[in-house]
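Below is one structure; the comments refer to it alone.
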Amino acid sequence: MSQEDKIISDLKNKEYEAGFFSDYESDVFPVGLNEDIISQISAKKNEPEFMLQFRLKAFRYWKTMTEPQWANLHYEKPDFQNISYYAGPKNKPKYNSLDEVDPELLKTFEKLGIPLKEQALLTGVSNVAVDAVIDSVSVHTSFKEVLNEKGIIFCSMSEAIQEHPELIQKYLASVVPYNDNFYSALNCAVFTDGSFAYIPKGVRCPMELSTYFRINQANTGQFERTLIVADEESYVSYLEGCTAPMRDENQLHAAVVEIVALKGSEVKYSTVQNWYPGDKKGKGGVYNFVTKRGICKGDSSKISWTQVETGSAITWKYPSTILLGDHSIAEFYSVAVTNHHQQADTGSKMTHIGRNTKSTIISKGISLGNSQNTYRGLVKINKNAQNARNYSQCDSLLIGDQCGSHTFPYIDVENPGAVVEHEATTSKISEDQIFYCNQRGISAENAVSLIVNGFAKEVLNKLPMEFAMEAQKLLSLTLEGSVG
Amino acid sequence: MTKQNFIELFSASDSNISETKDREKSLEYIKTHELPNKTDENWRNTDLRTLVEQIYFSAHTKKNRITSINELKINGLNDNCLVFINGSFQKELSKIENEKNNIFLGSLAEGKKMYPDIFNKYFNQSEKEIETVFTALNTAYAQNGAFIYVSENFKSQKPIQILNISDSESQSTAYQIRNLIILAKNSEVNVITVSKSLSDGISFCNSQNEIFLEANSILNFNIFQEENIETRSLNNTRLKQSENTQSTVNIASLSGAILRNDIKIYLSGENARTEINGIYLPTNEQQFDNYILIKHEKSHGKSRQLFKGIIAGQARSVFSGRVLVDKNAQKTDAGQLNKNLLLTDYVKAYSRPQLEIYADDVQCSHGSSTGQIDKEALFYLQSRGIGEKQAKILMLNAFAKEVIDKISIPEYKNYIENLFENKYF
């Protein structure tokens, strides 16, 4: 058996492999949401007063809002009073060294293939600093010293609130305000942890920064908050990955990610999203309602989003960029694969405000089984955005006759100097292509995998190496059993 | 005006078109729904404030004061013309040739009286659910309109003109119009609806076209809108196509304050094909919108959309083209293209080319581009001794030609080409 065949046969036997449940002691708040719970979260985190006020303000506003209905998604609305808003490993949340960490927890990450030990990292090929978040609490951040030397701050959100309140006060909710939308308002009120990264002036971050999210407890929602600030002329590449155990009930994940890129800086943000998608009949799975937004605040700054979406029962996610600075650039590359009964409504928003701004959207949707895959995007050229340029391309591939693929682009142009282009195609894998592969001794299933990989390659190429491998693996996993 | 005002206004016209049950259903809908506004996804970019805030008077008591409509007609098309002034039928001004009894041309009121079976079979059958308060108003108090019935196997050669004239000299007027066009099996017809104004007063026209194509029929339907700069017009057109039918719809929006075309084409039979093209030229503070829905319900359907806009002044335009492919509409081939040319700094162009696909064996594509006149091409022309203005006109002409060339009635095509040249010279 050749190496390649072995990989494929391994893949075939796999199900959702991150679907185990780790049994370590954890601390879970009672279900329900009220001002008391919020105060408790804030107290638990030892937060300064301004944070509590911010949370309460968001919560009061959230109570006046209703859930958005416009997305092309059909699901049972979650009961927000039936969720626990805080859960975390019980053992003391702060560790001085990795030896103190609950061995059960370490095993969890080993199983996920995420080495937290720096030694393991150094001997391996990867060169990644990891911040691991389980349920509501950040467990460990590796490579702190190396980063500290350069003046880079990379820590959990709770730590950042304690240690760098001035940065938090300045940048938190500056891109996604507390009243932005239903889920982001909820997130502002109850977010428990997340990652914070600050890259000082002129520093090029020497390694990939990475956060790994995992929902472990039943009946909990995960509300994490990520804030990345790239100061002038800096560069950072940030990765995010996520998994959850297999459960019959739906779990809620409502995160907010904010990116601030100052003058001349560049932020590269990659996600491989692999939350539990539910079983073949569409039972269970994670509701993924995420608000991600970046702002190119300074001139000549750049934000690039890359996402591979394979998990979640419901995805509602529109990573967007505000191009405020002149000559700023934004990119969005996405592959979204839906199988069984998954539903995804995802895309990007590009708001051009500055002059000579440029944005690119490449979105590839692949639908299988009974799934529904929607691209929804907005390109808005404001009045003063002279010479703005946008190119969007969204292609869809349909595999199986029960799935759906939809494209809803919105193009709003208010400046005549702008050039905006949009292209989309929808088709299925042609029989000719499969036949050609068959002819050359490639089985139908492998042929599909080959064609899909080729279809998504444009985007996968944009991922950092370690993630690209993982993404390819995920793709073939999701595709498995789709032919025949 | 509130929706209650609109009810009072339109109910004043002595309408006996709709059945009581349709009217009741529509009124029930109006009771529970608001006038379309910005919170509605489909009306987000259509600013209806100037339309709704205006106070209108009923037009039905007005006396007709014209004796000749030759100037308003399309040059060269002198046969078959149905004339409506403020929604009421003008038999003396119309010219009707009911060719060998194979085709019936007349007003909706007449049609209802003469062919009650056909009327009842088709009237108000194209709207599956009531869409807006305006469509409900139209159904409840439809006043009159054209009725065209083409009988089986008849291929009508002469284009039919429906001339819809707004006249509102002293008072701003509002009226409704409802056209019903039926093509029986194997028939063919060419229709042009022409909207014009007689004076520069304010008017509001709430119109609806219902068109049915039975098996193997061919329709060529043209919408021509050149009204005064105070006219607000909501035009709701629905086409229902059976198997092996073909329709072509050409829209030309030249002038008006608010022109909104809601065109819905249901390809309900196998192998039904449609092609819809539009050119819109808003300037000043005009708003021209085209909302297209093409629903592929059966297999082997084909649809094409081509919409081009030249937007000048402080104008706004919306193109929303939605292609919906049902689960059993396999082998669908759908294409969609929208191009906008922006001439000044204050324009707004919204483009929404949307695809919603539930079948897998399909070929669908869409494209949209928005930009300005290519400076290099302009420079190229100038370097060959063509003045800047002349060069621009040349390029605008070339841009629009693609759409104008789709018009298959030669007289109408000439008419538009001439108008177009005059508009930019």
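The values are calculated or read from the model by the stated rules, or taken from the named source; none is laboratory data. Quick caveat, the model's predicted, so the values are computed rather than measured. Heads up, the Cβs are rebuilt from the backbone with ideal geometry, glycines too, and the neighbour counts pull from every protein chain shown.
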Name every residue in segment A:385-436 that is more than 9 Å from chain B (Cβ to nearest Cβ), surrounded by 19 or more Cβ atoms within 10 Å (Cβ to Cβ) and farther than 21 Å from A:Glu458 by Cα, in order of residue number.
A:Ala385, A:Ala388
Among (1) more than 14 Å from chain A (Cβ to nearest Cβ); (2) surrounded by fewer than 20 Cβ atoms within 10 Å (Cβ to Cβ); (3) of a type in the set (S, T, N, Q), B:Asn42 falls short only on (1)
The one condition B:Arg352 fails out of (1) surrounded by fewer than 18 Cβ atoms within 10 Å (Cβ to Cβ); (2) without any contact (Cβ under 8 Å) to a residue 60 or more places away in the chain is (1)
Check B:Arg316, B:Arg304 and return the single one that is surrounded by fewer than 20 Cβ atoms within 10 Å (Cβ to Cβ), at pLDDT 90 or above and charged (D, E, K, R).
B:Arg304
If you take just the strands (runs of 3 or more DSSP E) that sit entirely in segment A:277-355, which of them hold at least 3 residues that are closer than 23 Å to A:Arg204 by Cβ?
A:285-296, A:302-309, A:329-338
In segment B:218-331, which strands (runs of 3 or more DSSP E) lie fully inside it and hold 3 or more residues that are within 14 Å of another protein chain (Cβ to nearest Cβ) and touching a Phe, Trp or Tyr at 6+ places or on another chain (Cβ under 6 Å)?
B:316-325
Give the residues of segment A:219-236 that are out of contact with any Phe, Trp or Tyr (no Cβ under 8 Å at 6 or more places or on another chain) and at pLDDT below 90, sorted by residue number.
A:Asn219
If you check B:Gln382 against the conditions, is it at the interface with another protein chain (Cβ under 10 Å from one of its Cβ atoms) and surrounded by fewer than 20 Cβ atoms within 10 Å (Cβ to Cβ)?
no
Every listed condition ((1) polar (S, T, N, Q); (2) under 20 Å from A:Ala71 (Cβ atoms); (3) not in a loop (DSSP other than H, G, I, E, B)) holds for A:Thr360 save (2)
How many residues of segment B:343-383 are part of a loop (DSSP other than H, G, I, E, B) and among the polar types (S, T, N, Q)? The answer is 2
Would you mind stating whether B:Lys406 is of a type in the set (Lys, Arg), away from chain A (no Cβ under 13 Å) and in contact (Cβ under 8 Å) with a residue 24 or more places away in the chain?
yes
Given (1) touching a residue at least 60 places away in the same chain (Cβ under 8 Å); (2) more than 10 Å from chain B (Cβ to nearest Cβ); (3) crowded, with 19+ Cβ neighbours inside 10 Å, identify the lone condition not met by A:Glu470.
(3)
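Whether any residue in segment A:457-465 is closer than 22 Å to A:Asn274 by Cα, facing chain B (nearest Cβ under 10 Å) and basic (Lys, Arg) is what I want to check.
Within segment A:457-465, not a single residue is closer than 22 Å to A:Asn274 by Cα, facing chain B (nearest Cβ under 10 Å) and basic (Lys, Arg).
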Qualifying residue in segment B:333-342 (condition: at negative phi, outside any strand (DSSP E or B) and in contact (Cβ under 8 Å) with a residue 12 or more places away in the chain):
no
Kindly establish whether B:Asp289 is under 24 Å from B:Leu337 (Cβ atoms) and out of contact with any helix residue (DSSP H, G or I) (no Cβ under 8 Å at 6 or more places or on another chain).
yes
Strands (runs of 3 or more DSSP E) fully within segment B:156-217 counting 1 or more residues that are buried (at least 24 other Cβ atoms within 10 Å of the Cβ) and among the basic types (Lys, Arg):
B:173-183
